[in-house]
Amino acid sequence: MKMQWEILVADDEEVMCESLAAWLREDGYLVETASSGREAVAKAREKDYAIYFLDLKMPGGMDGIEAMMEIRRLHPDASIIIITAYATVDTAITAMKEGAQEYIVKPCNPEEISLLVRRIIKVKNLQRENTILRKKLARQYHFQDIICKNPRMRGVVDMAVRVANLKSTVLIRGESGTGKELVARAVHNSGDRAANKFVAVSCAALPEGLLESEMFGHEKGSFTGAIAQKKGKFELADGGTIFLDEIGDISPKLQVDLLRVLQEKSFYRLGGSEEIRTDARVIAATHVDLEQAVAEGKFREDLFYRLNVIEIRIPPLRERRDDIPLLADYFAERISREMGRDVIDISEGAYKLLMDHQWPGNVRELENAIERAIVTSKSQVLMEDDFAFLPRSNGKRVWNVPVDTTLQEMEKQAIAATLERTQGNIKDAAAVLGIDRSTLYEKIKRYEIPR
Amino acid sequence: MHVIPIGRVEPRVIETAQRCLADALGCNTVLVPAMEDFEFAYDSAREQYSAPQLLQRLARHRLANSWRLLAITELDLFIPMLSYVYGQAQLGGALAIVSIARLRQEFHGFPADEGLLMVRTAKEVLHETGHTLGLVHCRDETCVMSLSTNIRQVDVKRPAFCVDCRVRAVDAAGGHRRQEILEAGVSE
Ligand SMILES: [Zn+2]
Ligand SMILES: [Zn+2]
């Protein structure tokens with residue numbers, strides 16, 4: 001598609017403004033004019049122009065240089081051409097230092113100005129093609145709603161496809177916000193159960209009694225408030241998939257019930273005597289260390305083995321940083337579309353900031369951050385400032401002492417973080433951690449730390 | 001369509017303009033008396049005439065029934081921002097002006113060449129008229145609608161529209177030989 005580029009010409013002399021505008025229109029550009037620096041800035045606030053021609057001397061309290069600085073604040077990549085009646089070295093230097101792309105003395109040779117305009121537009125066209133190309137490329141990293149190019153995450157996607165048609169239970173493990181439900185849905189949608197229901201149950205959200213009725217249903221009058229018969233999620237998911245999120249949080253009694261369903265493929269509604277058969281495929285997910293919970297006697301070992309037939313581990317976002325720009329682009333496009341906004345890009349500075357953040361809340365935190373930035377941003381490009389709400393770490397990562405974790409987990413995290421900093425260099429990491437290399441190897445193996 | 005000289009212009013130049021408009025666009029042209037009040041547009045510092053000011057004055061010379069009014073002049077033209085222009089037109093409007101001052105070989109220090117001057121005149125007349133028909137610059141540098149900012153670029157282009165520009169120009173001009181010209185353009 002051929003783009004019609006827009007140019008803004010600002011000069012207090014009307015004939016100067018209009019004649020240049022007319023000349024540029026003959027070259028096929030959409031040209032708007034402004035009669036003062038303030039008007040130019042006001043117009044730049046409305047939209048970004050491909051080129052800004054600003055007269056150096058404009059009355060009304062804002063000259064060309066000041067207007068340029070304001071416009072560059074709104075659009076850091078703006079191409080600005082300063083026009084002046086007299087060439088002085090000082091103003092030329094100031095103009096260029098403040099970011100003018102070019103500095104021209106009027107009257108200008110038409111050849112010079114047409115070459116200048118076409119050169120800038122050529123670059124803009126290339127940039128635009130690149131943006132389109134990048135968006136096209138991004139699409140190849142989409143699988144179901146999972147967006148990634150990171151090799152470990154690609155492995156997760158491959159695994160989801162490979163196990164889609166099996167009947168075995170899948171246990172998806174990963175920190176909060178890593179997208180466990182998305183992976184579960186991908187398993188469901190890639191397999192022969194896709195035509196049937198995918199039913200999600202959040203085990204952490206409900207107290208034991210309600211969760212039980214949620215899963216298995218109940219008969220009328222089986223407990224106070226059970227005014228009618230209700231089908232449970234296992235029944236609804238018959239022929240499809242039931243997704244049990246936060247499985248690590250369920251009570252010992254429910255653990256027994258669940259184990260029974262997994263073994264017998266049947267259950268009773270609460271207060272019911274009829275045995276109900278179910279062919280629901282079970283996918284469970286957890287962010288807690290289930291082996292640990294088993295060791296502490298909080299989670300039944302037999303249930304753990306029933307659930308953990310196939311395991312899919314989703315890496316936290318900080319261990320797949322190469323996916324951050326891709327995800328950020330995806331969320332920016334989707335959210336701006338949903339909100340009827342026209343956010344077309346994310347600045348380099350903002351990408352860098354997003355890449356450097358630790359993302360304890362993982363992909364969900366990133367999604368929320370993009371949404372918040374779009375809500376508050378006024379321009380078409382998300383800038384660093386739009387993410388000012390993210391805690392800054394000045395390049396150094398802040399270590400928040402966790403209060404709800406084990407020493408082992410902290411050790412694991414410290415080792416993983418150090419290895420990331422040393423880019424997998426064992427010798428350097430061992431030196432930083434103050435242990436010898438063989439000990440580090442041992443711990444990496446024990447904690448299954450990827451590197 | 002009306003053609004008006006500004007100041008004294010050689011009859012051969014006017015004839016060339018009228019002929020090329022008839023050939024390329026099928027436009028019947030009528031010559032109207034010259035506009036002699038042009039000194040107001042003179043800029044003594046630049047020793048040139050302001051194209052926007054002349055264009056503005058030209059509106060007064062436009063007859064009520066005039067569809068397009070094309071002015072031709074020997075005066076050297078400028079717009080405030082640029083050191084010179086070969087001509088200027090109202091994009092999609094009624095008025096256009098062409099200067100032949102810089103189309104002369106003498107201007108560039110060569111001996112006069114009348115044949116070359118006529119070819120260049122035809123090109124700039126079609127170019128500015130094309131702008132009044134709503135055409136913008138064409139990226140085909142042999143097309144008469146390509147931008148010329150120096151005399152070499154004027155000489156590179158042909159005194160004719162490329163097929164795309166011709167279809168648009170002839171359609172907008174609506175001349176009496178529209179069908180014939182369009183068919184000639186497509187069969188090329
Ligand atoms: Zn032109
Ligand atoms: Zn053309």
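Quick notes on this structure:
- Among (1) touching a residue at least 12 places away in the same chain (Cβ under 8 Å); (2) within 14 Å of ligand 1 (Cβ to nearest atom), the one test that B:Leu103 misses: (2)
- Contacts under 6 angstrom Cβ, first residue in segment A:243-263 being within 18 Å of A:Gln292 (Cα to Cα) and free of Cβ contacts under 8 Å to residues at least 60 places away in the same chain, partner of a type in the set (Asp, Glu) and open to solvent by 10 Å² or more (accessible area, probe 1.4 Å), 6 or more apart: A:Ser251/A:Glu208
- Of the candidates A:Arg45, A:Arg38, A:Arg72, the single residue that is away from ligand 2 (no atom under 16 Å from the Cβ), out of contact with any strand residue (DSSP E or B) (no Cβ under 8 Å at 6 or more places or on another chain), within 22 Å of A:Ser347 (Cβ to Cβ) and open to solvent by 10 Å² or more (accessible area, probe 1.4 Å) is A:Arg45.
- Residue match in segment B:53-67 (condition: open to solvent by less than 80 Å² (accessible area, probe 1.4 Å) and either within 22 Å of B:Pro159 (Cβ to Cβ) or part of a strand (DSSP E or B) (or both)): no
- Of the residues making up segment B:113-124, one or more are within 12 Å of ligand 1 (Cβ to nearest atom) and touching a residue at least 12 places away in the same chain (Cβ under 8 Å).
- A:Glu6 charged (D, E, K, R) and out of contact with any strand residue (DSSP E or B) (no Cβ under 7 Å at 6 or more places or on another chain): no
- If you go through segment B:81-98 and keep only what is more than 27 Å from A:Thr84 (Cβ to Cβ) and polar (S, T, N, Q), you end up with just B:Gln90.
- For segment A:93-116, the tally of residues that are in a helix (DSSP H, G or I), of a type outside the set (A, V, I, L, M) and closer than 22 Å to B:Ser83 by Cα stands at 4.
- Of the set (1) open to solvent by less than 30 Å² (accessible area, probe 1.4 Å); (2) in contact (Cβ under 8 Å) with a residue 40 or more places away in the chain, all apply to B:Arg12 but (1).
- Listed by position, the helices (runs of 4 or more DSSP H) enclosed by segment A:1-92 that each have at least 1 residues that are closer than 21 Å to A:Val105 by Cβ, free of Cβ contacts under 8 Å to residues at least 40 places away in the same chain and at the interface with chain B (Cβ under 10 Å from one of its Cβ atoms) are A:14-26.
- When A:Ile283 is tested against the conditions (1) assigned by TED's automatic domain parsing to the domain that holds A:Phe198; (2) under 17 Å from the mean Cα position of the chain (by Cα), the lone failure is (2).
- Counted as qualifying within segment A:352-451 are the helices (runs of 4 or more DSSP H) with 1 or more residues that are modelled with pLDDT of 85 or more and not basic (Lys, Arg), namely A:362-376, A:407-421, A:437-447.
- Options B:Ala59, B:Ala45: the member that is more than 8 Å from every other protein chain (Cβ to nearest Cβ), out of contact with any Cys (no Cβ under 8 Å at 6 or more places or on another chain) and farther than 24 Å from B:Cys27 by Cβ: B:Ala45
- Selection within segment A:3-24 - more than 17 Å from A:Gly64 (Cα to Cα) and either out of contact with any helix residue (DSSP H, G or I) (no Cβ under 9 Å at 6 or more places or on another chain) or open to solvent by less than 10 Å² (accessible area, probe 1.4 Å) (or both): A:Gln4, A:Glu6, A:Ser19, A:Ala21, A:Leu24
- Filter result (out of contact with any helix residue (DSSP H, G or I) (no Cβ under 7 Å at 6 or more places or on another chain) and within 16 Å of A:Thr169 (Cβ to Cβ)) within segment A:226-237: A:Ala237
- Residue count, segment B:148-164 (criterion: open to solvent by less than 30 Å² (accessible area, probe 1.4 Å) and in contact with a Cys (Cβ under 9 Å, 6 or more places away or on another chain)): 4
- A count restricted to segment B:134-156 and to residues that are within 9 Å of chain A (Cβ to nearest Cβ) and among the β-branched types (Val, Ile, Thr) stands at 2.
- Among the candidates B:Glu39, B:Glu47, the residue that is farther than 15 Å from B:Ile4 by Cβ, open to solvent by 30 Å² or more (accessible area, probe 1.4 Å), acidic (Asp, Glu) and touching a residue at least 24 places away in the same chain (Cβ under 8 Å) is uniquely B:Glu47.
The values are calculated or read from the model by the stated rules, or taken from the named source; none is laboratory data. If you're wondering where the values come from, they're calculated on a predicted model, not measured in any experiment. Cβ: placed from backbone, ideal geometry, glycine included. Neighbour counts: every protein chain shown. Quick note on the areas: whole protein, heavy atoms, side chains included, nothing else; ligands and nucleic acids left out. Shrake-Rupley method; radii C 1.70, N 1.55, O 1.52, S 1.80 Å.
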